[in-house]
Amino acid sequence: MLEVKALPLAELRERSSEKWREYPDDVLPLFVAETDFPLAPKISETLHHAVEIGDTGYIASRTPLPAAYAAFAERRYGWTPDPARMRSTADVSMGIVEILRRVTQPGERVVVTPPVYPPFYDLVEEAGAQVERVPLRDTGHGWELDLDGIRSAFAEGATAILLCNPHNPTGTVHHREALRALAELADEFGAAVVSDEIHAPLAQPGTGFTPFLDAGESAERVGYAVVSASKAFNLAGLKCALMVTASDPTSAVVRGLPVEVEWRTGQLGLLAATAAFSAESDTWLDGLLRTLDENRMLLEDLLAARIPEARYRLPDAGYLAWIDLSGLGWGDNPSRRILREARVALHFGPAFGEEGKGYVRLNFGTSPEIITEAIERIAALVGR
């Protein structure tokens with residue numbers, strides 16, 4: 001298996017993206033969802049060639065990306081979406097907003113399941129709808145959708161749900177049975193399900209990741225998936241995502257979007273995503289997953305040894321750790337003290353909803369050395 005290692009810290013600090021420009025150089029940045037690994041070789045090769053020949057214009061009306069994603073989904077998930085039922089756009093957030101604008105009316109309520117990716121709240125409002133909070137259920141060993149709460153929300157008039165699958169920040173892979181039950185609820189009440197599946201390529205082997213649209217006939221009728229290579233392959237700045245459907249009525253909604261929604265796709269992003277979803281990048285992705293598996297377990301060991309008050313569950317997917325530090329007595333937003341005194345930047349737990357009070361989100365998509373240094377710095381605060 002190809003070994004995928006993070007770049008040295010000195011090289012990373014040459015980057016000009018948000019992760020490496022938001023804070024001074026004495027801060028270890030583990031907040032925003034960017035990774036510290038080199039690009040997959042096929043992506044680098046594709047981008048270098050595009051720049052060499054000046055292939056930097058508008059995206060074409062027909063591109064190889066839908067077919068590349070369909071083949072990727074079949075190889076990785078055992079699912080065969082139809083390339084004809086896909087359209088690209090700039091990013092997952094834009095796809096979510098544009099779909100919500102067409103499946104909800106102004107002022108209608110859209111369910112979100114906190115703690116959840118903070119922009120979800122803003123995206124619902126940008127689409128002209130209102131947020132209906134139905135928090136995840138903490139089972140004591142993980143998190144799951146509160147299907148009873150979602151049923152009540154639909155029964156009381158909510159017209160859509162914005163699903164995070166896999167879930168950010170908990171890393172939860174929702175089981176097929178739960179997704180099927182959600183789809184049947186939405187079908188019963190005439191609601192839409194918009195599934196953000198940006199972290200799907202990062203589901204660890206054996207977790208049984210299920211694309212929402214593959215969760216049964218009801219899911220095909222009510223569902224819209226928005227997918228991207230950006231999180232797994234660190235391509236967020238290149239701007240490319242796909243809106244995917246599985247039925248005639250939902251496909252008609254996406255086909256009916258203005259052409260400008262598709263033209264906002266970045267040409268380099270489209271080329272890079274096509275390379276990412278190609279079979280040539282599978283070995284790199286497998287190597288990345290192995291590295292992230294090692295990192296998530298390293299973090300578990302470090303926390304147990306150095307900050308035993310912390311509560312952390314291994315995520316099923318992604319490179320984001322959801323850590324409960326409420327036992328330290330550092331208030332609702334412990335990230336503030338950690339940034340100020342330990343010089344480690346973590347994502348603020350309360351930004352994910354009321355359920356995030358006392359939590360931090362830590363990005364372990366980096367080197368073991370940086371993870372270790374970050375935990376050592378935080379541990380040094382304990383007992384002060």
Based on what the data block shows, is Leu339 among the aliphatic types (A, V, I, L, M), assigned to a loop (DSSP other than H, G, I, E, B) and surrounded by fewer than 23 Cβ atoms within 10 Å (Cβ to Cβ)? no
Note down all Cβ pairs under 8 Å where the first residue falls in segment 333-350 and is under 14 Å from Asp25 (Cα atoms) and charged (D, E, K, R), the second is open to solvent by 40 Å² or more (accessible area, probe 1.4 Å) and at pLDDT 95 or above, and they're at least six residues apart or on different chains. Arg343/Asp26; Arg343/Arg377
Within the bounds of segment 220-229, is there any residue that is of a type outside the set (Asp, Glu), part of a helix (DSSP H, G or I) and within 24 Å of Thr172 (Cβ to Cβ)? yes
Just one of the numbered conditions (1) at positive phi; (2) open to solvent by 30 Å² or more (accessible area, probe 1.4 Å) is not true of Glu354; which one? (1)
As an exercise: evaluate Leu257 against (1) under 20 Å from Tyr77 (Cβ atoms); (2) in a loop (DSSP other than H, G, I, E, B) and give the number of the one condition it does not meet. (1)
Looking at (1) among the charged types (D, E, K, R); (2) over 22 Å from Arg109 (Cα atoms); (3) crowded, with 24+ Cβ neighbours inside 10 Å, which one does Asp196 not meet, given that it meets all the others? (2)
Somewhere in segment 176-185, is a residue within 26 Å of Gly349 (Cα to Cα) and in contact (Cβ under 8 Å) with a residue 60 or more places away in the chain? no
So which pairs qualify, if the first residue must be in segment 287-310 and exposed (fewer than 15 other Cβ atoms within 10 Å of the Cβ), the second must be assigned to a helix (DSSP H, G or I), the Cβ gap must be under 6 Å, and the two must be at least 6 apart or on different chains? Glu309/Gly327; Glu309/Leu328
Output for segment 175-217, where each listed residue is within 30 Å of Thr35 (Cβ to Cβ) and assigned to a helix (DSSP H, G or I): Arg176, Ala178, Leu179, Leu182, Ala200, Pro201, Leu202, Phe212, Leu213, Asp214
Reported set for segment 99-122 where residues are open to solvent by 10 Å² or more (accessible area, probe 1.4 Å), farther than 22 Å from Asp148 by Cβ and in contact with a strand residue (DSSP E or B) (Cβ under 7 Å, 6 or more places away or on another chain) is Val103, Gly107, Tyr117, Tyr121
Scanning segment 6-15 for residues that are assigned to a loop (DSSP other than H, G, I, E, B) and over 14 Å from Asn234 (Cβ atoms), the one least open to solvent (accessible area, probe 1.4 Å) turns out to be Arg13
Mind counting the residues in segment 47-62 that are open to solvent by less than 90 Å² (accessible area, probe 1.4 Å), in contact (Cβ under 8 Å) with a residue 60 or more places away in the chain and more than 24 Å from the chain's Cα centre (by Cα)? 5
Any idea which residue in segment 214-228 is surrounded by the most Cβ atoms within 10 Å (Cβ to Cβ), counting only those that are aliphatic (A, V, I, L, M) and within 16 Å of Glu74 (Cβ to Cβ)? Ala225
Which numbered condition Val227 misses (of (1) over 19 Å from the mean Cα position of the chain (by Cα); (2) closer than 20 Å to Leu123 by Cβ; (3) not aromatic (Phe, Trp, Tyr)): (1)
Checking the conditions here, which among Ile307, Ile323 is in contact with a Leu (Cβ under 9 Å, 6 or more places away or on another chain) and over 24 Å from Val134 (Cα atoms)? Ile307
Check on Ser281, open to solvent by 50 Å² or more (accessible area, probe 1.4 Å) and touching a Phe, Trp or Tyr at 6+ places or on another chain (Cβ under 8 Å): no
Can Ala321 be described as part of a helix (DSSP H, G or I) and either open to solvent by 20 Å² or more (accessible area, probe 1.4 Å) or under 30 Å from Ile99 (Cα atoms) (or both)? no
Within segment 83-98, of all residues that are in contact with an Asp or Glu (Cβ under 7 Å, 6 or more places away or on another chain) and not in a strand (DSSP E or B), the one surrounded by the fewest Cβ atoms within 10 Å (Cβ to Cβ) is Val97
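The values are calculated or read from the model by the stated rules, or taken from the named source; none is laboratory data. Here the structure is a predicted model, which is why all the values come from computation and not from measurement. As a convention, Cβ positions derive from the backbone with ideal geometry for all residues, glycine included, and neighbour counts pool all protein chains shown. What goes into the accessible areas is simple: the full protein's heavy atoms, side chains included, and nothing from ligands, DNA or RNA. Shrake-Rupley method; radii C 1.70, N 1.55, O 1.52, S 1.80 Å.
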